[in-house]
1. Which value results for Rg/Rh of segment 74-145 when Rg is the Cα radius of gyration and Rh the Kirkwood radius based on the inverse mean 1/r?
2. Mind ordering 46-58, 209-221 by average Cβ neighbours within 10 Å, highest first?
3. Return the whole-Å distance between the Cα centroid of segment 338-365 and the Cα centroid of segment 251-327.
4. On a straight-distance basis, which lysines could pair with residue 132 in a cross-link, Cα separation under 23 angstrom, same-chain partners fewer than 8 positions away excluded?
5. Could you quote the convex hull projected area for segment 1-47, Cα atoms only and averaged over all directions, in nm²?
6. Along the Cα→Cβ direction, 7 angstrom out, place labels at residue 290 and residue 37. What is the inter-label distance in nm?
7. Among 93, 176, 260, which one shows the biggest mean-square fluctuation in a GNM of the chain, springs joining Cα atoms closer than 10 Å?
8. Per-residue ellipticity at 222 nm for the chain, helices alone: DSSP H runs ≥ 4 residues times -39500 (n - 2.57), over residue total, nearest 500 deg cm²/dmol?
Amino acid sequence: MLEWDENFEGLISFLKDQKEIPFLLCDENTYKVCGEYISKELEKSRISYDLLILPPDAHSDEKNICKVLLNTKENSLIVSIGSGSITDTARFIAYKQRLRFVSVPTAPSMDGYASPVSALTINGLKTTVSAKPPEKIFANLNIIKNSPNILKKAGFGDLMGKFTALADWRLSNILIGENISLSVVEEMYKACEDTLKNIEKDNFEKLLLEGLIKSGELMTIVGNSRPASGSEHHVAHYLEFLGYNLFHGIKVGLSTLYIIRLYKTFLKIDLDNLKYENNITKSFEEWKEEIRRNFPKIYDEIIKENIERIKKFNNLSFRREIIEKIKINKRKIYSIVEELVEKEEKILEGYKKINFSTNLEDWKIEKEDLKRALIYSIYIRDRFSILTLYQILGILEGEVEKIIL
């Protein structure tokens, strides 16, 4: 899928052989980076094309989705030129309109380039929807290397989040029997490791982009986003819902550290004396009131989507089953936790090398908002994680208080 394409000769040659009309989608920033150059090369080759330039830092929300829908045609071949929001929008439009689609990344900033899903902002909340991965990805290494450092930090944070995502997936497999591909886990883990080991080396940006693209390819293989997204992404999405307009990968990178801290606390739990009878959650009415306070404007939707989960969390038989599985499989779970905790120091070293601050104040994130994100992000998506487990055990709020100093 990925083709390293110096001067975009491969892209121009590919487009020249297609019957569809290239539809270049970029924003004002990415147009300057390489959109204008690609436009001129298409003109030199006498290839007709359409062009839509969105405002700088445009989000993949209702407004911009509508703009693209109104400008694409039945014979458009979408060429997304950009990173997160541009690519998310292009993937979604290609899926909905059954259009062909190729991608031109401008930074190693996120994991969605090859993804079969798009992260759209609908009603102010990040929502993952079905989308179409690109046929090809044409990447220029010089552009990737020279992209802004903040985008590289975002991409690195996004990639480091795979460590916690994979731990959540393995935990879910053990405790609720969710299907898992261990070969996919190993492949994603290796891509993260390779990038982590090569910070400050000449091939860092190349490995970073390849690792991010790999996560999208692996999502396509398993048919969902498990290889790339877990509790760290849910926390990041809730922070976005609260209005933190940081790059997604920055929020993921920070959230990853707090999820690792939560996994650490698992090692201190007396597993042999867990009692399911003493961990009943709040009444439905209390829970609904909490959701109303913490999901203003969309609480009806959140309540509707999670009411069956709350019934399950309150079900003694379900709790008994989970706790018995924890006791039976505690060595396997300890192994997952210990492996993840061992990675913490290496991840922190990596952050330090690329000047990725782990101080919430540097990113202007309030501690109370992070606490809310860790507690309430489980309701954004029905996906089992360490957060879900702690909610079932009735200890989530207490453990969150311990890890945010």
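Just so you know, all these numbers are worked out from the coordinates, no wet-lab data involved. Keep in mind the model is a prediction, meaning the values are calculated, not measured. As a convention, Cβ positions derive from the backbone with ideal geometry for all residues, glycine included, and neighbour counts pool all protein chains shown.
1. On the way: Rg = 11.9 Å, Rh = 12.2 Å.
Reported Rg/Rh (Cα atoms, Kirkwood Rh): 0.97.
2. With the highest mean Cβ count within 10 Å placed first, the list reads 209-221, 46-58.
3. After rounding, the separation between the Cα centres reads 26 Å.
4. Straight-distance partners of residue 132: 16, 19, 63, 67, 73, 96, 162, 214.
5. Values: hull surface 14.5 nm².
Over every viewing direction, the Cα hull of segment 1-47 projects on average to 3.6 nm².
6. The modelled label-to-label distance comes out at 5.2 nm.
7. Comparing 93, 176, 260 in a Gaussian network model of the chain, the most mobile one is 176.
8. So the helix-based figure for the chain works out to -18000 deg cm²/dmol.
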